[in-house]
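Comments concern the structure below.
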């Protein structure tokens, strides 16, 4: 229970942090460049008992130069290399797959938010509109992330992990027109 609270807190902090600033040593989600073990540059925290942690976030902002132009929304799934770490003794193909599916889950929610933002009129108060949609998206991401983590037993259940990989990849395909 304590571990779940810590991980949920980290997820929520990453979501809040992601609204305003993207850290320097990050990777934006890319179909052609999947994360690898070399992307985990943080100091391993061996005392936690975890194989590692991936610090992902969805960062978003909007641009509207003046009242007569269309609002341009940007949302990115981001992987922070300096905050992500791995226990060198815990590296495995399924462990890496777990983190890749996790990052794909963030991209899925980024695409869903891009879709939502593009299909609705922000009205006069663009900031409130954006914050509301962003917050709803982050809640949905948090819920699905917790389900993913629990269902796969944090990557230990290989069968569940493969099912999630297939499902998230299908969801990404269905949102293909909303990739950046």
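The values are calculated or read from the model by the stated rules, or taken from the named source; none is laboratory data. Small disclaimer: the values here were computed from a predicted structure and weren't measured. Please note: Cβ atoms are built from the backbone with ideal geometry, for glycine as well, and neighbour counts cover all protein chains shown.
Are any residues in the stretch 28-86 assigned to a helix (DSSP H, G or I) and surrounded by 12 or more Cβ atoms within 10 Å (Cβ to Cβ), and if so, which ones? Talk me through it step by step, then tell me what you get.
Just the residues of the stretch 28-86 that are assigned to a helix (DSSP H, G or I), to begin with: 37-39, 46-48.
If the condition is that a residue be assigned to a helix (DSSP H, G or I) and surrounded by 12 or more Cβ atoms within 10 Å (Cβ to Cβ), then 37, 39, 46, 48 are the ones that fit.
If a residue has to be surrounded by 22 or more Cβ atoms within 10 Å (Cβ to Cβ) and either touching a strand residue (DSSP E or B) at 6+ places or on another chain (Cβ under 8 Å) or under 14 Å from residue 138 (Cα atoms) (or both) to count, how many in the stretch 91-101 make the cut?
Total meeting the criteria: 1.
I'd like to check something: does the stretch 150-159 contain any residue that is surrounded by fewer than 17 Cβ atoms within 10 Å (Cβ to Cβ), without any contact (Cβ under 8 Å) to a residue 60 or more places away in the chain and either out of contact with any helix residue (DSSP H, G or I) (no Cβ under 9 Å at 6 or more places or on another chain) or within 16 Å of residue 71 (Cβ to Cβ) (or both)?
Yes, there is a match, as at least one residue in the stretch 150-159 is surrounded by fewer than 17 Cβ atoms within 10 Å (Cβ to Cβ), without any contact (Cβ under 8 Å) to a residue 60 or more places away in the chain and either out of contact with any helix residue (DSSP H, G or I) (no Cβ under 9 Å at 6 or more places or on another chain) or within 16 Å of residue 71 (Cβ to Cβ) (or both).
List the pairs whose first member sits in the stretch 116-133 and is modelled with pLDDT of 95 or more, whose second member is exposed (fewer than 10 other Cβ atoms within 10 Å of the Cβ) and in a loop (DSSP other than H, G, I, E, B), and whose Cβ atoms are under 7 Å apart, counting only residues at least 6 apart or on separate chains?
129/123
Quick check on residue 115: is it part of a loop (DSSP other than H, G, I, E, B) and over 30 Å from residue 159 (Cβ atoms)? Spell out how you get there, then give the answer.
Working: part of a loop (DSSP other than H, G, I, E, B): no; over 30 Å from residue 159 (Cβ atoms): yes.
Against the criterion (part of a loop (DSSP other than H, G, I, E, B) and over 30 Å from residue 159 (Cβ atoms)), residue 115 does not qualify.
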